[in-house]
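Written out below as structure tokens is the structure these notes cover.
The values are calculated or read from the model by the stated rules, or taken from the named source; none is laboratory data. Keep in mind that what you see is a predicted model, and the values were worked out from it rather than measured. With ideal geometry, Cβ positions are generated from the backbone for all residues, glycine too; neighbour counts draw on all protein chains shown.
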Amino acid sequence: MNAIVLPQPDDLASNRTPTTPMLEIRNLHVSYGKTQALHGVDLMVQQGEVIALIGANGAGKSTTLRTISGLLKPTQGQIIYQGNNIAGVSADRIVAQGIAQSPEERHIWPTMTVYENLTLGAYLCKKDAEVERRVALVYDRFSRLKERHRQLAGTLSGGEQQMLAIGRALMSEPSLLLLDEPVWAESAHGRGGL
Ligand SMILES: Nc1ncnc2c1ncn2[C@@H]1O[C@H](COP(=O)(O)OP(=O)(O)OP(=O)(O)O)[C@@H](O)[C@H]1O
Ligand SMILES: [Mg+2]
């Protein structure tokens, strides 16, 4: 598994602070029971950078993202996010610290509407007006979702469900957005995409 830095949008590149990594992973080991999936992963992400994890099926890309999100606990290693080691911190506390993930499996709620799924992504925000502002931003980026505002999420197409999973992750206004196998690129409109 390799990490490559993708070309940076100009506005992000100009905001970078190269000396302070936003995220630094050191010697990360993760196991599923007796099966070890990660054998010492090192990774660094600077503020404003877009990083792609490249690797074969089973290389450990999703495992790495799930561990950063707090869904898996490492057996060894550190995940330094904005100066703090968050390895082993619970997933809800990690969302509160500004990390959100759009998972490979999407995990949308199929019997709830597009709008309801999005609002759940902002569950930490207690101000209705702020939640509505964020929904409007997501609809600005994904007009397909706006058109399907009241549609049950389980009836969306696969790509539309992927957009919803990404939109829901954006609803927490994360500082660090983790996208596992996004297929949305052709469909993100407005405000320069993501
Ligand atoms: N819940 C699990 N229980 C046991 N082993 C698992 C589990 N999830 C993943 N693994 C194993 O961990 C390894 C890494 O899997 P992971 O899903 O991180 O790979 P990946 O790089 O995301 O692959 P893909 O490109 O197919 O999505 C694989 O060998 C996989 O079989
Ligand atoms: Mg995967």
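Yes/no matrix, rows are residues, columns are (1) modelled with pLDDT of 95 or more; (2) among the polar types (S, T, N, Q); (3) surrounded by 18 or more Cβ atoms within 10 Å (Cβ to Cβ); (4) in a helix (DSSP H, G or I):
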{"site": "Thr119", "(1), (2), (3), (4)": "yes, yes, yes, yes"}
{"site": "Lys126", "(1), (2), (3), (4)": "no, no, no, no"}
{"site": "Glu130", "(1), (2), (3), (4)": "yes, no, no, yes"}
{"site": "Arg133", "(1), (2), (3), (4)": "yes, no, no, yes"}
{"site": "Leu137", "(1), (2), (3), (4)": "yes, no, no, yes"}
{"site": "Asp140", "(1), (2), (3), (4)": "yes, no, no, yes"}
TODO: Sort through Gly70, Gly77 and tell me the only one that's in the same structural domain as Gly33 (by TED's automatic domain parsing), touching a residue at least 12 places away in the same chain (Cβ under 8 Å), outside any loop (DSSP other than H, G, I, E, B) and not charged (D, E, K, R).
DONE: Gly77
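One line per residue, one yes/no per condition, for (1) loosely packed, with under 14 Cβ neighbours inside 10 Å; (2) within 13 Å of ligand 2 (Cβ to nearest atom); (3) under 26 Å from Gln8 (Cβ atoms):
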{"site": "Gly33", "(1), (2), (3)": "yes, no, no"}
{"site": "Ala37", "(1), (2), (3)": "no, yes, no"}
{"site": "Asp42", "(1), (2), (3)": "yes, no, yes"}
{"site": "Val45", "(1), (2), (3)": "no, no, yes"}
{"site": "Glu49", "(1), (2), (3)": "no, no, yes"}
{"site": "Gly58", "(1), (2), (3)": "yes, yes, no"}
- [ ] Determine whether the stretch 42-53 contains at least one residue that is within 16 Å of ligand 1 (Cβ to nearest atom), in contact with a helix residue (DSSP H, G or I) (Cβ under 8 Å, 6 or more places away or on another chain) and in contact (Cβ under 8 Å) with a residue 24 or more places away in the chain.
- [x] yes
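Can you tell me which residue within the stretch 77-99, out of those that are more than 16 Å from ligand 1 (Cβ to nearest atom) and touching a strand residue (DSSP E or B) at 6+ places or on another chain (Cβ under 6 Å), is farthest from Ile25 (Cα to Cα)?
Filtering the stretch 77-99 down to residues more than 16 Å from ligand 1 (Cβ to nearest atom) leaves 78, 80-90, 92-99.
Cutting the leftovers down to touching a strand residue (DSSP E or B) at 6+ places or on another chain (Cβ under 6 Å) gives us 78, 80-81, 85-87, 99.
Working: Gln78: 6, Ile80: 6, Tyr81: 9, Asn85: 9, Ile86: 10, Ala87: 9, Ile99: 14 Å.
For the stretch 77-99, the residue satisfying everything is Ile99.
Among the residues of the stretch 96-112, are any within 16 Å of the chain's Cα centre (by Cα), in contact (Cβ under 8 Å) with a residue 12 or more places away in the chain, in a helix (DSSP H, G or I) and more than 16 Å from ligand 2 (Cβ to nearest atom)? Break it down into steps so the answer makes sense when it comes.
Initial filter on the stretch 96-112 (within 16 Å of the chain's Cα centre (by Cα)): 96-108.
Next, only the ones that are in contact (Cβ under 8 Å) with a residue 12 or more places away in the chain stay: 96-104, 106-108.
Imposing the further condition that a residue be in a helix (DSSP H, G or I) reduces the set to 96.
Right, trim to more than 16 Å from ligand 2 (Cβ to nearest atom) and you get 96.
Among the residues of the stretch 96-112, at least one is within 16 Å of the chain's Cα centre (by Cα), in contact (Cβ under 8 Å) with a residue 12 or more places away in the chain, in a helix (DSSP H, G or I) and more than 16 Å from ligand 2 (Cβ to nearest atom), which makes the answer yes.
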Open item on the list: Which numbered condition in (1) within 19 Å of Leu170 (Cα to Cα); (2) within 16 Å of ligand 2 (Cβ to nearest atom); (3) of a type in the set (Val, Ile, Thr) is the only one that Thr63 fails?
Closed with: (1)
